[in-house]
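This report refers to the structure that appears directly beneath it.
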């Protein structure tokens, strides 16, 4: 009996639920499927899983096997399909992981920005509190309350030029305390002092 006839007999027996025939077919083709799969996946464990999946499908669909068609071609077709699904799943998983990492980096960067902004805001508030009383009054009324120099002069009963001098001195002090080399502090300061 040649190999082709032997295979047909094994498939016929397998269709009837013969586990011995199944084991013989596994013995004949398992190693070939493994090497074929390993060529794509480059992983021993994953290749073994594919072999198991291929023969599990053969067992489940044994009644519909066609002994006239090439059993070997059918096995490789199943294996190739499983490999494709594996690559699609791995690609989706990588994309998902990349997205998570990207979101995580964005989230931590946003948190860091908020924290830096908050710390800077607190520092500016402390520096304002440390200003001489008249400079502090002028700065708060101008920058926080949005009053004009003339309105402040009327409220504090001083000349508009004096108000301007107090404001200039207050801003110089804060700028000096923040440090000329601290770019983020200076950007914040420019936003803070903007008219």
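Descriptive notes on the structure:
- The residues listed here are 129, 151, 164; of these, the one that is within 17 Å of residue 178 (Cα to Cα), at pLDDT 70 or above, part of a helix (DSSP H, G or I) and over 41 Å from the mean Cα position of the chain (by Cα) is 129.
- Being at pLDDT below 90 and either in the same structural domain as residue 9 (by TED's automatic domain parsing) or assigned to a helix (DSSP H, G or I) (or both) is a property that residue 86 has.
- Candidate set from segment 175-194 (those that are surrounded by 15 or more Cβ atoms within 10 Å (Cβ to Cβ) and closer than 12 Å to residue 121 by Cα); member that is modelled with the highest pLDDT: 178
- Any chance residue 29 is surrounded by 15 or more Cβ atoms within 10 Å (Cβ to Cβ), part of a helix (DSSP H, G or I) and modelled with pLDDT under 90: no
The values are calculated or read from the model by the stated rules, or taken from the named source; none is laboratory data. Remember, predicted model here, so these are calculated numbers, not experimental data. When we count neighbours, we look across all protein chains shown, and the Cβ atoms used for this are built from the backbone with ideal geometry, even at glycine.
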